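Some notes on the structure that comes next.
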Amino acid sequence: MSRTILAGIITATFIAGAAAPAFADPAHRVRSVDVDISGYDLGTENGARMVLKRLEKAADSVCGVRSGVKTLQQLRYERACINDAMENAIDSIGGDPERKVAVRRVWKG
């Protein structure tokens, strides 16, 4: 059975006042990405790290992270968006609560 988790739920209204116009989402839509974590043993540090890498990539996608020169305001928005997406993604990991703890431990270092 394939296990997927929601990589992030970010509403544009979260930080709309601080977001740069290029980052503002006029439709205030919710953005999300499904991440397949089947085949990873979250009971091991290596498995948790592999899942974390997938979640981070998905968070970057959900938050519209791109390379290039950015204003401080854009950097703050990206960081806040990624942190929220990662929190939401880790919270959505199902099964034994220790699975969430393992990924969160690797994420927070």
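In plain terms, the chain from E87 to V101 could stretch by 3.9 nm, reckoned as 0.36 nm per residue minus the Cα-Cα distance.
Per the Debye calculation on the range 49-109 with a single equal scatterer at every Cα and no solvent contribution, log₁₀ I(q)/I(0) for q = 0.14, 0.15, 0.16, 0.23 Å⁻¹ amounts to -0.42, -0.48, -0.53, -0.92.
Arrange the peptides 58-67, 84-93 so that the one whose residues have, on average, the most other Cβ atoms within 10 Å appears first. Before the final figure, lay out the partial values.
Numbers: 58-67: 17.1, 84-93: 20.3.
Per-residue mean Cβ counts within 10 Å order the peptides as 84-93, 58-67.
Highest mean first, the peptides 68-75, 49-56 sorted by other C-beta atoms within 10 Å per residue fall in the order 49-56, 68-75.
None of the figures in this text is laboratory data; all of them are computed from the coordinates on show. Please read all numbers here as calculations on a predicted model, not as lab measurements. Neighbour counts are summed over all protein chains in view; Cβ atoms, including those assigned to glycine, are modelled from backbone coordinates with ideal geometry.
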